[in-house]
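For reference, the structure discussed in these notes is given below.
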Amino acid sequence: MITQNMITQNQIRQAAEKVKSGADFPRFIQDLKALGITHYDTYVDNGSTCYYGAGDDRLETPGKYPAVDVQPVGAVGQLQAALASHQQGHTDYPTFCRQAAVAGVASWTTRLVEMTVSYCDKQGAVLLVEDIPSV
């Protein structure tokens, strides 16, 4: 269902343009919260994302990069290393997504109310839950 208050791709794009590395992620989350987004799912194989707001508000965005192969087995240590590097500003988003795929991450769910990110493998099993730092 699309409502007058529905989030738009343009609003998300504007918020995302401010993000240069994982170090900018907490601010991005605050911008999304201000838009009324409650959570979103990101799919690592192509970078598509589905954003959810209040009620039935939902917006799917297309893939952001060419398809990548997600490894069939999750490697939590590899994921933690990729996250640490990304959060310190050493990698950009596409690089982090490729590293996550190698670590067996098929998707992640970012919950803006709880301020957590849950990284899942191809079977949907949670590999890691991480708290989102405040700005």
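Rule-based calculations on the coordinates, nothing more; no lab input. Here the structure is a predicted model, which means the values were calculated and not measured. Neighbour counts are summed over all protein chains in view; Cβ atoms, including those assigned to glycine, are modelled from backbone coordinates with ideal geometry.
Identify all residues within region 91-129 that are within 11 Å of the chain's Cα centre (by Cα) and of a type in the set (S, T, N, Q); write none if there are none.
107, 109, 110, 116, 118
Determine whether region 58-69 contains at least one residue that is among the hydroxyl-bearing types (Ser, Thr, Tyr) and surrounded by 18 or more Cβ atoms within 10 Å (Cβ to Cβ).
No, there is no match, as no residue in region 58-69 is among the hydroxyl-bearing types (Ser, Thr, Tyr) and surrounded by 18 or more Cβ atoms within 10 Å (Cβ to Cβ).
Return only the number of the condition from (1) surrounded by fewer than 16 Cβ atoms within 10 Å (Cβ to Cβ); (2) on the phi > 0 side of the Ramachandran plot that residue 47 does not satisfy.
Residue 47 satisfies all of (1) surrounded by fewer than 16 Cβ atoms within 10 Å (Cβ to Cβ); (2) on the phi > 0 side of the Ramachandran plot except (1).
Specify the residue that is farthest from residue 33 (Cα to Cα); the eligible residues are those in region 85-130 that are in contact with a strand residue (DSSP E or B) (Cβ under 6 Å, 6 or more places away or on another chain) and of a type in the set (Asp, Glu).
121
Taking region 25-47 as the region of interest, how many residues are touching a Lys or Arg at 6+ places or on another chain (Cβ under 8 Å), free of Cβ contacts under 8 Å to residues at least 40 places away in the same chain and closer than 21 Å to residue 131 by Cβ?
Residues meeting the conditions: 2.
Go through region 86-131 residue by residue and tally those that are without any contact (Cβ under 8 Å) to a residue 24 or more places away in the chain, crowded, with 16+ Cβ neighbours inside 10 Å and part of a helix (DSSP H, G or I).
Result for region 86-131: 1.
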